[in-house]
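Remarks on the structure that follows.
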Amino acid sequence: MEIILAKTAGYCFGVNRALDAVDKAIEDGQVHLIHTLGPIIHNPQVIEKLEERGVKTVQGLDEIEKGTIVIRSHGVGENVIKEAEEKSLNLINATCPYVKNIQKRVKKYYDEDYQIVIIGNKDHPEVKGINGWCNNSGIIVDDKNNVPNVAKYDKICVVAQTTITNELFIAITEKMKEQHNNVAIFNTICNATKERQEETRRIAQDVDCMIIIGGYNSSNTQKLVSISKKYCNNTFHIETKKDLDMDKIKKYEKVGISAGASTPQWIIEEVINFMENQENNMENMNSTYEDTFKSFRKGSIVEGKVISASKDEIIVNVGYKTDGIIKKSEYTKDSDVDLSTIVNPQDNIEALVLNIGTDI
């Protein structure tokens, strides 16, 4: 099996930056007071490890009164930042720089009386955060078939969730331009996201099977799965090696692997090592089987151990996939001999191979 791993698989810059911020806070001795506003990353395995180190996840600032609050890479609305400052919390703003630039742009155009349109998933924390910089007045659209009528607005500013597909962004903005002449359009899809999606597409076109590694709740991972399925029907979405069904994978000669921006390197390595070990075990089994089969040719002499002996036949373990059977006529010319009186269980015996498997 040939395994092709995407070079862009795994943590993006923003996620790395946020996790580094948490690690630094822990090293500074604030572990018993560190909270993240929402899961710092859409990966349950990483969250579990952080919880073991004392980092707690909260859903709102009302859950804490003191200590450190880490804003994840998705960012938050302007009101959340102000609330954290008013509560005198130690604020670590780990908002991804790309997301922060979108927030600044949205605030600037909102203050200039533009209607803000955000292309993305209304339930995604990044989109909620961006909308918080225009007083939650943004129009959010995630389907080219549901583009609202924006002709009634004097001027419009369009931005995008960093992890949407470029195809979706183009389809929606083209429809908006048909309705309105004064549209300020900013393609704010993260470059790393574009590269990851493009590489996933290229690999999916060239393999028999694709494995996408990442949290089941990760938006960018789900998009990789969707892209991969367009070009490779045999696409499997897994979180860890435990979700990998090798009975389905082992039949493919060329397997591609990509991973979402929230997938740590150690999980990717575990999956690849698991696949390689499973393949090596299978090769060893095949090799052992072939070697055994070659040594059991018709006419060859083999050594075995007697399992049982009856009056008319002897059952012998010769290390093959089935036991050998020696009939009385093959052991002696004396038809009156009782084989059980001259051969005992555990006796070593040499035998001539007359038939193999279904030839018997």
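Restricting to helices (runs of 4 or more DSSP H) lying wholly in region 172-266: which have 1 or more residues that are buried (at least 23 other Cβ atoms within 10 Å of the Cβ) and of a type outside the set (A, V, I, L, M, F, W, C)?
Working: elements: 191-204, 219-231, 246-249.
Here the list reads 191-204, 219-231.
What single numbered condition from (1) polar (S, T, N, Q); (2) more than 30 Å from ALA25 (Cα to Cα); (3) more than 33 Å from the chain's Cα centre (by Cα) fails to hold for ASN121?
If we test ASN121 against (1) polar (S, T, N, Q); (2) more than 30 Å from ALA25 (Cα to Cα); (3) more than 33 Å from the chain's Cα centre (by Cα), just (3) comes out false.
Applying the selection to region 221-247, what residues are more than 16 Å from the chain's Cα centre (by Cα) and farther than 25 Å from THR163 by Cβ?
Correct list: ASP247 only.
Give the residues of region 126-166 that are of a type in the set (A, V, I, L, M) and out of contact with any Lys or Arg (no Cβ under 6 Å at 6 or more places or on another chain), sorted by residue number.
Those that are of a type in the set (A, V, I, L, M) and out of contact with any Lys or Arg (no Cβ under 6 Å at 6 or more places or on another chain): VAL127, ILE130, ILE139, VAL141, VAL150, ALA151, ILE156, VAL158, VAL159, ALA160, ILE164.
What residue, among those in region 278-305 that are surrounded by 12 or more Cβ atoms within 10 Å (Cβ to Cβ) and within 33 Å of the chain's Cα centre (by Cα), is modelled with the lowest pLDDT?
MET282
With respect to LYS175, is the statement that it is of a type in the set (Lys, Arg) and under 25 Å from GLY14 (Cβ atoms) true?
Spelling it out, it is not the case that LYS175 is of a type in the set (Lys, Arg) and under 25 Å from GLY14 (Cβ atoms).
Quick one: would you say ASN136 is part of a loop (DSSP other than H, G, I, E, B), under 24 Å from the mean Cα position of the chain (by Cα) and among the polar types (S, T, N, Q)? First the steps, then the outcome.
Working: part of a loop (DSSP other than H, G, I, E, B): yes; under 24 Å from the mean Cα position of the chain (by Cα): no; among the polar types (S, T, N, Q): yes.
So ASN136 does not fit the description; no.
If you take the residues of region 179-205 that are of a type in the set (Ser, Thr, Tyr) and within 25 Å of CYS157 (Cα to Cα), which of them is modelled with the highest pLDDT? Before the answer, list the steps.
Residues of region 179-205 of a type in the set (Ser, Thr, Tyr): 188, 193, 200.
Add one more test, that the residue is within 25 Å of CYS157 (Cα to Cα), and what stays is 188, 193.
Working: THR188: 94, THR193: 85.
Checking each candidate, the answer is THR188.
Could you grab me the full set of residues in region 124-154 that are under 19 Å from CYS190 (Cβ atoms), surrounded by fewer than 23 Cβ atoms within 10 Å (Cβ to Cβ) and either among the acidic types (Asp, Glu) or assigned by TED's automatic domain parsing to the domain that holds ILE81 (or both)?
ASP142
The values are calculated or read from the model by the stated rules, or taken from the named source; none is laboratory data. This one's a predicted model, so the numbers in the text were calculated from it and none came from an experiment. Glycine also receives a Cβ, built like all others from the backbone with ideal geometry; neighbour counts cover every protein chain displayed.
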